[in-house]
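Asks: Quick one: the structure is below, questions incoming.
The values are calculated or read from the model by the stated rules, or taken from the named source; none is laboratory data. Keep in mind that this is a model prediction, so the values were computed, not measured. Note that each Cβ is placed from the backbone with ideal geometry, even for glycine, and that neighbours are counted across all protein chains shown.
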Amino acid sequence: MSIGVFDSGVGGLTVHRALVERLPAADFIYLADQANAPYGGRPGEEIVDLTRAGCERLFDAGADLVVLACNTASAIALRRLQQTWLPDYRKAKGKPLNVLGIIVPTIEAATGLPWEHEAERRGEKVEKLDILGVFSTQGTTNSRVYEIEIDKRRQDVAVFSEACPNLVPLIEGDAGVVELAKEIEERVAALTRRIGRAPDRAILGCTHYEIVADLFRAALPAGTPLIHQPVATADALERYLARHPELNPGTSGVRRFLTTGKPGPQNALVESFWGGPLSFEAA
């Protein structure tokens with residue numbers, strides 16, 4: 001048995017690495033749907049269908065649990081799959097399978113509150129707003145998931161999202177640092193203009209963006225805290241497995257990397273982030 005990690009491309013490796021570091025004995029299978037990446041600009045129904053197909057591949061490969069290491073899939077597909085597909089699929093397989101996302105842990109980290117918490121709305125004036133910037137794909141931005149869910153929990157946090165539609169293709173395409181930095185600086189400047197000032201904190205709301213987190217730090221004012229999805233997801237998964245001993249993450253430390261795209265070595269930027277050579281096999 002194993003834990004599956006799914007993303008439209010290589011960005012989910014940022015989450016995968018954090019999970020491996022937290023659970024070194026567990027078995028992991030990573031699937032990148034590079035044949036259909038990026039997901040951010042696709043219609044919602046396509047994202048649901050592609051995410052379901054990715055989960056099925058990972059369950060067929062032996063995963064008991066799949067982590068959607070993709071904000072777009074988590075925002076648009078996760079709830080639909082959990083409510084309308086997974087119950088019947090679980091019965092057909094006769095196993096306690098499950099699919100989790102990365103947005104819930106991120107919102108818990110951003111608010112400092114458990115997911116179940118909802119703020120009491122008393123109409124009191126908020127003296128000082130905490131301005132939270134979210135950089136994400138167009139699909140995640142359009143879903144407004146961060147605005148909606150954070151507002152339910154914290155009335156003193158104002159969320160402003162900025163879509164970065166060119167960034168995932170640049171990262172997947174092995175763009176150079178200068179080109180990546182220029183794109184990130186433009187998106188940070190655009191968000192700052194809309195807010196009227198720089199955000200107090202920022203979420204890198206696409207797992208690809210963690211690969212270039214240093215460029216976001218350079219573009220934002222010095223010392224701006226970043227909320228890191230990989231760490232938040234690793235914390236949440238560790239707690240989840242402790243509550244669900246029926247799910248078997250494996251004990252052999254197996255690592256498999258699958259892609260629906262071209263198998264073989266990954267680009268230099270990804271391998272630099274991973275810390276060594278990284279080769280994918282065909283899904």
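Asks: Out of (1) modelled with pLDDT of 95 or more; (2) among the hydrophobic types (A, V, I, L, M, F, W, C); (3) surrounded by fewer than 19 Cβ atoms within 10 Å (Cβ to Cβ), what's the single condition that is false for residue 268?
Replies: Looking at each condition in turn, residue 268 falls short on (1).
Asks: Can you tell me which residue among 110, 119 is surrounded by 20 or more Cβ atoms within 10 Å (Cβ to Cβ), over 27 Å from residue 251 (Cα atoms) and of a type outside the set (Lys, Arg)?
Replies: Only one candidate passes the filter, namely 110.
Asks: Could you give every pair whose Cβ atoms fall below 8 Å, whose first residue belongs to the range 161-182 and is among the acidic types (Asp, Glu), and whose second residue is surrounded by fewer than 16 Cβ atoms within 10 Å (Cβ to Cβ), counting only separations of at least 6 or pairs across chains?
Replies: Every condition considered, the pairs that remain are 162/190; 162/194; 172/267; 174/267; 174/268.
Asks: Residue under question is residue 171, and the condition is that it be surrounded by 22 or more Cβ atoms within 10 Å (Cβ to Cβ) and in contact with an Asp or Glu (Cβ under 9 Å, 6 or more places away or on another chain); does it hold?
Replies: no
Asks: Moving to a separate point now. Residues in the range 213-272 that are assigned to a helix (DSSP H, G or I) and in contact with a helix residue (DSSP H, G or I) (Cβ under 8 Å, 6 or more places away or on another chain): how many?
Replies: Total meeting the criteria: 16.
Asks: Return yes or no: is residue 242 in contact with a Lys or Arg (Cβ under 7 Å, 6 or more places away or on another chain) and assigned by TED's automatic domain parsing to the domain that holds residue 6?
Replies: no
Asks: So which residues in the range 238-283 are closer than 18 Å to residue 15 by Cα and among the β-branched types (Val, Ile, Thr), if there are any at all?
Replies: Within the range 238-283, 254, 259, 270 qualify.
Asks: Keeping to the range 60-79, report how many residues are buried (at least 24 other Cβ atoms within 10 Å of the Cβ) and out of contact with any Leu (no Cβ under 7 Å at 6 or more places or on another chain).
Replies: Total meeting the criteria: 9.
Asks: Is it true that some residue in the range 22-33 is of a type in the set (D, E, K, R), over 19 Å from residue 81 (Cα atoms) and surrounded by fewer than 18 Cβ atoms within 10 Å (Cβ to Cβ)?
Replies: Taking every residue of the range 22-33 in turn, at least one turns out to be of a type in the set (D, E, K, R), over 19 Å from residue 81 (Cα atoms) and surrounded by fewer than 18 Cβ atoms within 10 Å (Cβ to Cβ).
Asks: Looking only at residues in the range 155-177 that are among the charged types (D, E, K, R) and part of a loop (DSSP other than H, G, I, E, B), which one is nearest to the chain's Cα centre (by Cα)?
Replies: Among them, the one singled out is 174.
Asks: Next up: Kindly list, by first and then second residue, each pair from a residue in the range 89-115 that is free of Cβ contacts under 8 Å to residues at least 12 places away in the same chain to a residue that is acidic (Asp, Glu), limited to pairs with Cβ atoms under 7 Å and residues at least 6 apart or on different chains.
Replies: As it stands, the answer is 114/108; 115/108, since those pairs meet every condition given.
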